[in-house]
Amino acid sequence: MKSHLEHILHEFSNESIHIIDGETYKGNYAPLDLSKTNTALNDFDITDANAFEAYINDILKQSNASIAYGGYNETRDIYSRSSHFYTENKLDERNIHLGLDLWCDVNTPVLAALDGTVHSFKNNTNFGDYGPTIILEHQINEVTFYALYGHLSLVSLEYIAVGDTLRKGDVVGYLGNASVNGDYAPHLHYQLINDMEGSFGDFRGVTSLNDQAQDLENCPDPNLLLKIV
């Protein structure tokens, strides 16, 4: 059963909203499967950011695309390398992804999907975490929700303040590299959030089996809004 926010996002517009600067064509997006069932990931060290980036670039080349996408409600093994996510209790281990990942070049500008304001920002420096993160506050039909932009560059946090106004299409920030983005290949983690639960500049982007149902309800599929795939 869809939540109220999911219905609003689904009905908001039939138009695609592109949040990667310069990309307005659906054909430029190639699916990327990072689930624990994808045996192709066994052929290289997914914990090596350079090897990971080479794998993504090969998929983009084969698909004649410029952005790899995917990850919502996807169970991944990559988080087990970090104590920030891993626990021996499999029901509490956080390895189910709550956002949409968009993989493309470092320093690529990322854009506001809608008019909004800066709710909060922070450099989340745990290993495997978001690194520089910006959260925007939006409203549709008087319903407030939030959009998290994770894995940005440090410069993205230099010239913003809480309460800053952004218009749809304004630059929110720029993609960071592995040295600042939690040790990943460059990408945007884009996550929609209904209830911030008091968080500021951060919100869990990966959940556990125990919390999966309630977290998916609180964090609906971003493609309901973006409609890019």
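The values are calculated or read from the model by the stated rules, or taken from the named source; none is laboratory data. From a predicted model like this one, the values you see are computed outputs, not experimental measurements. Neighbour counts run over all protein chains shown; Cβ positions are idealised from the backbone, glycine included. Side chains included, ligands, DNA and RNA excluded: accessible areas come from the protein's heavy atoms. Shrake-Rupley method; radii C 1.70, N 1.55, O 1.52, S 1.80 Å.
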Would you please give the residues with an amide H less than 5 Å from that of VAL172, counting only those at least 5 places away or on a separate chain, with H modeled from the backbone geometry? VAL110, LEU111, ALA112
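Where the accessible area of the chain is counted over protein heavy atoms with a 1.4 Å probe, how much of it, in %, is carbon and sulfur? Write out the running numbers ahead of the final one.
Values: 4810 of 10640 Å².
Carbon-and-sulfur percentage of accessible area, whole number: 45.
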Taking every pair of alpha-carbon atoms in segment 1-40, give the share separated by more than 13 Å as a whole percent. 70
Karplus couplings for segment 133-148 from phi (6.51 cos²θ - 1.76 cosθ + 1.60, θ = phi - 60°), rounded to Hz, Gly and Pro as x? 9, 10, 10, 9, 9, 10, 9, 10, 6, 6, 9, 8, 8, 10, 10, 9
Please give the length that would be gained between VAL171 and ASP58 if that part of the chain were fully extended, namely 0.36 nm times their separation in residues minus their C-alpha to C-alpha distance (nm, one decimal). 37.9 nm
For ASN126 and VAL106 in the same chain, what is the full-extension length gain: residue separation times 0.36 nm, less their Cα-Cα distance, in nm? 5.2 nm
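Consider all pairwise Cα distances in segment 162-212 and report the whole-number % of them above 13 Å. Display every interim value, and only then the final one.
On the way: 947 of 1275 pairs.
Looking at segment 162-212, the distances longer than 13 Å represent 74 percent of pairs.
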Once the in-chain neighbours fewer than 8 apart are removed, the lysines whose Cα is under 27 Å from LYS26 read LYS2, LYS36, LYS61, LYS168, LYS227
Computed FRET value (nearest 0.05) for TYR159 with ASN42, which takes r as the C-beta separation and R₀ as 45 Å: 0.60
Positive end of the dipole of segment 110-229, charges at C-beta (+1 Lys, Arg; -1 Asp, Glu), about the Cα centre: which of PRO186, GLY116, ILE140 has its Cα farthest in that direction? PRO186
In deg cm²/dmol and to the nearest 500, what is the mean residue ellipticity at 222 nm of the chain if only DSSP H runs of at least 4 residues count, each as -39500 (n - 2.57), divided by the residue total? -4500 deg cm²/dmol
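How large is the convex hull of the C-alpha atoms of the chain per residue, in Å³?
Working: hull volume 27.3 nm³, N = 229.
In the chain, the Cα convex hull volume per residue is 119 Å³.
Let's see if you can work this out: charge +1 on each Lys and Arg Cβ, -1 on each Asp and Glu Cβ, no other charges. What is the dipole magnitude of segment 121-178 about its Cα centre, in debye to the nearest 20? Walk me through the numbers before you get to the answer.
Values: 3 positive and 6 negative charges, 19 e Å.
Roughly 80 debye for segment 121-178.
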Using just the C-alpha positions of segment 87-223 as equal point scatterers, what log10 of I(q)/I(0) does the Debye formula give at each q in 0.10, 0.14, 0.19 1/Å? -0.30, -0.60, -1.10
Roughly how big is the chain's charge dipole about its Cα centre, with Cβ charges of +1 (Lys, Arg) and -1 (Asp, Glu), in debye to the nearest 20? 240
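What number comes out for accessible area per residue over segment 24-164 if the probe is 1.4 Å? Units Å², please. Don't skip to the answer; put the middle values down first.
Details: 6620 Å² over 141 residues.
For segment 24-164, the per-residue accessible area is 47 Å².
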Take segment 100-171, compute every pairwise Cα distance, and split them into 10 Å bins from 0; I just need the percent in each bin. 19, 54, 25, 3
Could you provide, to the nearest whole Å², the per residue accessible area of segment 169-218 with probe 1.4 Å? 38
